[in-house]
């Protein structure tokens, strides 16, 4: 059995606030120490929050040292108020809490983690390269596969027995591609005879007393017209000279400067002036 006050002051001097707080809670279980125990529990909660904030990087080193010193001074004041004859069991005195974390130790811990991650990354890279070579061997590392592939691509040579002449097979030439062309529709036009030639529209109107048919018959500038007084009488209208040659019982269109006409049953030929040039 050792003195509780000396034991607690020793832990406080060594910076072992966790051990000091545990010793305080051990010796303040009696009913007469209820108020002191409440104060120690408040300091213990404050110290736990400080440790947690330091581990989570919520405070810097200066803030940690300042709060740590305040808790240490408060514990020292409570330890001084303890009776000198208050004893502490041996098992409690022998227990030691882990030392407070320091910024230097924390930095070393991160360096160790970084080194470990670097080693793990290197090992994974080596394993990845090995698996790639096993699953996808290159042509240089597996000549058998390359030879097999080349053999399958090249056709085997045909062996010709000795003493026989090799017969060459006729080469089949690819058929030329023909582009489908749409056959052009040819429009057959039959040559128009002189009788099928459409009539030319007269340049001027007819003189009074004459009319033309619905389908004008014009040949060599001479149009066949009819007399309005006697539609059975016909004549010719000279389109260029705008004169009418009339009248005849029957007329035929001009050909080679002559037209065949009839009058009172007699047929004869006239020229463009109406002069008889030939009598049948």
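The values are calculated or read from the model by the stated rules, or taken from the named source; none is laboratory data. Because the structure is a prediction, the values reported are computed rather than measured. No Cβ is skipped: glycine too gets one built from the backbone with ideal geometry, and neighbour counts run over all protein chains shown.
Assess whether residue 117 counts as being at pLDDT 60 or above and surrounded by 14 or more Cβ atoms within 10 Å (Cβ to Cβ).
No, not satisfied.
Condition check: assigned to a helix (DSSP H, G or I) and in contact (Cβ under 8 Å) with a residue 12 or more places away in the chain. Does residue 7 satisfy that?
Yes, satisfied.
Just for strands (runs of 3 or more DSSP E) wholly inside the stretch 186-280: which have at least 2 residues that are surrounded by fewer than 17 Cβ atoms within 10 Å (Cβ to Cβ) and either touching a helix residue (DSSP H, G or I) at 6+ places or on another chain (Cβ under 7 Å) or at pLDDT below 85 (or both)?
Ranges flagged: 276-279.
Being over 18 Å from residue 80 (Cβ atoms) and surrounded by 15 or more Cβ atoms within 10 Å (Cβ to Cβ) is the filter here, so list the residues in the stretch 27-45 that pass it.
44, the sole residue that qualifies.
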